[in-house]
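Presented below is the structure to which this report refers.
The values are calculated or read from the model by the stated rules, or taken from the named source; none is laboratory data. Given the structure is predicted, the values throughout are model-derived calculations rather than measurements. All Cβ positions, glycine included, derive from the backbone under ideal geometry; neighbour counts span all protein chains shown.
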Amino acid sequence: MKSLFMSFAYFWRAIKDHRVFAEIKKNPLPVWGLVIFTALLLIIVTIKIVVTYPQYKLYLLEQLDRTIQELRSQGATEEELEAFRKNALNFTTLPFLLITTLTVEFFRQPVGLLIQAFALLLVFLRYKPFAEGTFKHVFSTVVYSKGPILLGGILGIPLAWIMGNPGVNFSPAIFIADPNLKSVFFHLDVFSLWSLYLMAMGLVYGFGFTRREALTGVFGMWGIFFALNAFYIYVLKLF
């Protein structure tokens, strides 16, 4: 039980005092941290979907009507369109949205954290500090750098309600109408970038990297991901 409370506190202490990452390396608790992070995130996602559902359903119905219009222009019969509409309406119900979204997030979040931890190991493997730690230590650092994500999720609940979109975040994408540009700039979320900064501080205080090394490595990897995402949206999707 003590490790549970310690793990929960690490998320918020890491935001206020980066020196806590030295403690995290000495006492890595990735399992509890992963469970707490995933559970809190799923709760936040659930609340966002529930509070935005009335407005979000209208958006989904508009998208459905557009799809039907496209199918009609392609020669679909009215009977086929009506059958398609009745079937598609099942996908706009609150239970369906909750089940599908929470299922995806339940698997996506742990996998994403594991990928980040492996990426850090691959990038910094030649440095001596990592020779003194294990994957468990690195994974713990990655997990506990996600405090800002939880904070942003909580603060994003009223924003989601105002925008009528459970997937909205604190990025320039809020002000962009073009769907492609929105997908690109969605990753410039303030709290996600703050989380990356905390991850870099975890390397500084937990593994002895200089700030320049840590910030260059972490944000360099993120920059590559950002560029690949933009390349996929604007180039590969055209084929």
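Take the conditions (1) of a type outside the set (Gly, Ala, Ser); (2) surrounded by fewer than 16 Cβ atoms within 10 Å (Cβ to Cβ); (3) modelled with pLDDT of 95 or more; Pro148 misses just one of them, which is (2). For the stretch 61-79, the tally of residues that are surrounded by 13 or more Cβ atoms within 10 Å (Cβ to Cβ) and either of a type in the set (D, E, K, R) or farther than 30 Å from Val50 by Cβ (or both) stands at 3. Against the criterion of being in contact with a Pro (Cβ under 8 Å, 6 or more places away or on another chain), more than 15 Å from Trp222 (Cα to Cα) and not β-branched (Val, Ile, Thr), Ser171 does not qualify.
Could you check the stretch 1-88 for helices (runs of 4 or more DSSP H) lying wholly inside it with 3 or more residues that are among the aromatic types (Phe, Trp, Tyr)? Qualifying helices (runs of 4 or more DSSP H): 2-16, 30-73. Set side by side, the residues Leu155, Leu120 differ, and just one is at negative phi and at pLDDT below 95, which is Leu120. Looking only at the stretch 8-19, decide whether some residue is buried (at least 16 other Cβ atoms within 10 Å of the Cβ), among the aliphatic types (A, V, I, L, M) and either modelled with pLDDT of 90 or more or closer than 30 Å to Ile162 by Cα (or both). For the stretch 8-19, residues buried (at least 16 other Cβ atoms within 10 Å of the Cβ), among the aliphatic types (A, V, I, L, M) and either modelled with pLDDT of 90 or more or closer than 30 Å to Ile162 by Cα (or both): present. Selection of the stretch 107-128 for residues being surrounded by 16 or more Cβ atoms within 10 Å (Cβ to Cβ) and not aliphatic (A, V, I, L, M) yields Gln109, Gln116, Phe124.
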